[in-house]
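Bear in mind that the values in this text are calculations on the coordinates, not laboratory data. All values derive from a computational prediction rather than experimental measurement. Positions of Cβ are generated from backbone atoms using ideal geometry, with glycine treated the same way; all protein chains shown enter the neighbour counts.
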Amino acid sequence: METRYPRYNPLDWSASLEKYAKNAGKYSLCECNGVWITEDELKTVDEIPDQTLQRLAFTLLCLAKFQNFRNPDNHNWVNYSNGEIYSMACINTTAFKKDIKLNALKESGLIEYAKKVNNLNIHVLYLYNEGKQKLFVSDFRKLGYEWKLYKGEKYMRCAGCGILTKRKNNIQRYCKDCSDKVRKKRQKNMMKKRRKQGSVK
Ligand SMILES: [Zn+2]
């Protein structure tokens, strides 16, 4: 603790640490700080001629790596629902088009499906873990935007919640949700102040 946190004071921390230690046994611990994407993997995604498919492929790549981390016997499989995958890929489309897009990746030999009927598992075929590590992905909420940011588009991490959001101007600091919260808090404080001033008079 002391090496990581210079102001560590054992008295302040003993109760919390004890609580965490007590609960630790209840859950299987899966601490994944993020995944490394290699140069060859980025190149493969970049070579896909369609930008939406690039985001989809990048998302599947990150998810396969995450699932490999959780289970060393995973061997590059992804078993999230289509809805979850497309939401993380930041792609808004109909169910029909979701299937078409995945099929396009299949046709180009980048993924294959599990053979079982009713099984939506996707096998990602472009993991090259041995290559040079190039991009570290630690936030899985907006993987499609992570890709766009990597490609040089104007995205920024929110100063409040850290989520990636489109940068509209240079003074923007928050995502929409956080900027709403900040504005409401400011208004509330202003009202409080006014009421206080009012009661003094
Ligand atoms: Zn935010």
Going by the conditions given, is residue 142 under 27 Å from residue 37 (Cβ atoms) and of a type outside the set (A, V, I, L, M)?
-> yes
Specify which of the listed residues (157, 141) is among the charged types (D, E, K, R) and touching a residue at least 24 places away in the same chain (Cβ under 8 Å).
-> 141
Considering residues of the stretch 154-174 that are of a type in the set (A, V, I, L, M) and closer than 23 Å to residue 57 by Cα only, the residue nearest to the ligand (Cβ to nearest atom) = 163
Which pairs do you get when a residue that is within 14 Å of residue 139 (Cα to Cα), found in the stretch 43-66, comes within reach of a residue that is of a type in the set (Gly, Ala, Ser) and not in a helix (DSSP H, G or I), reach meaning Cβ atoms under 8 angstrom, with the pair 6+ apart or on two chains?
-> 58/89; 59/89
Of the residues 184, 188, 151, 134, which single one is of a type outside the set (A, V, I, L, M), more than 14 Å from the ligand (Cβ to nearest atom) and surrounded by fewer than 11 Cβ atoms within 10 Å (Cβ to Cβ)?
-> 188
